[in-house]
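Visitor: Structure incoming, see below.
Every number here is computed from the coordinates shown, using simple stated rules; none is lab data. Keep in mind that this is a model prediction, so the values were computed, not measured. Cβ atoms come from the backbone with ideal geometry, glycine included; neighbour counts cover every protein chain shown.
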Amino acid sequence: RPGSKVMSSEWRKTAEHFVCGGVAGMVARTVIAPVERIKIIYQINSKKSGPDQGWLRIIQKVMDESGGGYRKVTDFWKGNSVAVLRVFPYLGVQLASNEFFRRQLKGMAQGSLPVTPEVQKFLAGGGAGLTAVLCTYPLDLARARMALLMEQGAKEMPSMLGTVREVWREGGLRALYSGAGVSMTGAAIYCGLKFASYDASKDLCQRYLLPDPDGPPSALHRAMSGGLAGVMAQTFVYPFDVLRRRLQTGGPAMREKYPGSISGLWRLYKEEGVVRGLYRGCALNYVKTVPNTTVYLALFDYLKDSFCSA
């Protein structure tokens, strides 16, 4: 049957893209693991000032508490295996969903949905961001809780599944998806901007950076475009990330303090300002964002073109 063959082909493409996206995400997350650990420690501390607030001091603190020797280096990857378990499905779903939504929107645009390719890419990216958060948010919350315990010096770390169970006992589904509204809003905007600007940047790089407008994007074009897309999107949505971390690690008190995305961001701005509140730790986040998006977007493109069915 033609219809079943088309459906089978769609599922196969989506499954292949899921695997490629997950692998790309694991590689990228391992590359930026030290920066991510420092960023989370810095971000979840809600104090405005103090001698231990700078991220350079956090680096020194991690090294001092490592026990010496090679652990001064390897401790920056502490907890990375847990993060990778979350990143594989998250970026797998996100990148596969983006490709799926693009195919669907392209088909609709040829019929009854007269929207430009740029808008299609933004909508597909936004849908991919929402889908990824909805599917994997409890894992992200568990990872944030475990990172907080690690920063507080816990001697015994629960497993990710154990952390999810503990959160479920605290408040059921509502607790598992605490802060999910903020995350979904931020993810939709972030992914929409990221994927749309990534393709736009590839076109610009092909024209002006080692020009080759007729050939496929080179590895350099893809790498540069991934970094530019990450910086552009992150600048817009970083305050959502700060608020999300507060909600994930603060328990019921934070959910009461920041009951919604807009009201929560407004309160964060009123109490802590722009630099120390909404954009707390943003400079460090750029150090993470550029290599992260560069690696997983460029690597996903390469894996997709090399191993996935047309």
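Visitor: Please give the per residue volume of the convex hull enclosing the alpha carbon atoms of region 192-249, rounded to a whole number of Å³.
Guide: Enclosed volume per residue, from the Cα hull, is 79 Å³.
Visitor: With a point put 7 Å past each Cα toward its Cβ, work out how far Arg276 is from Ser81 in nm, to one decimal.
Guide: Output for this residue pair reads 4.0 nm.
Visitor: Something else: Using only Cα atoms, what is the ratio of the radius of gyration of region 127-276 to 2.2 N^0.38 Å?
Guide: Details: Rg = 18.9 Å, N = 150, 2.2 N^0.38 = 14.8 Å.
That ratio works out to 1.28.
Visitor: Only one of the listed values, (1) 191; (2) 128; (3) 164, was derived from the coordinates as volume of the Cα convex hull per residue in Å³; which label is it?
Guide: Calculated volume of the Cα convex hull per residue in Å³: the matching label is (3).
Visitor: Let me ask something else. Length gain on complete extension for the stretch Val73 to Val115, per 0.36 nm per residue less the alpha carbon to alpha carbon distance? Intermediate results must be reported in sequence, preceding the final value.
Guide: Working: separation 42, 0.36 × 42 = 15.12 nm, distance 4.99 nm.
Between Val73 and Val115, full extension yields an extra 10.1 nm.
Visitor: Let me ask another. Under a plain spin-label model, where a point goes 7 Å from the Cα along Cα-to-Cβ, how far apart in nm are Leu210 and Lys257?
Guide: Output for this residue pair reads 4.8 nm.
Visitor: Here is a follow-up. Using C-alpha positions alone, give me the convex hull volume of region 174-224 per residue in cubic angstrom. Don't jump to the answer; show the numbers that get you there.
Guide: Values: hull volume 4.3 nm³, N = 51.
Dividing the Cα hull volume of region 174-224 by its residue count gives 84 Å³.
Visitor: Same structure, new question: Placing unit charges on C-beta atoms (Lys and Arg positive, Asp and Glu negative, everything else neutral), compute the dipole magnitude of region 128-204 about its Cα centre in debye, rounded to 20.
Guide: Working: 8 positive and 7 negative charges, 32 e Å.
The calculation lands at about 160 debye.
Visitor: Who wins for biggest fluctuation among Lys270, Lys121, Lys13 in a Gaussian network model of the chain, springs between alpha carbons below 10 Å?
Guide: Highest fluctuation among the options: Lys270.
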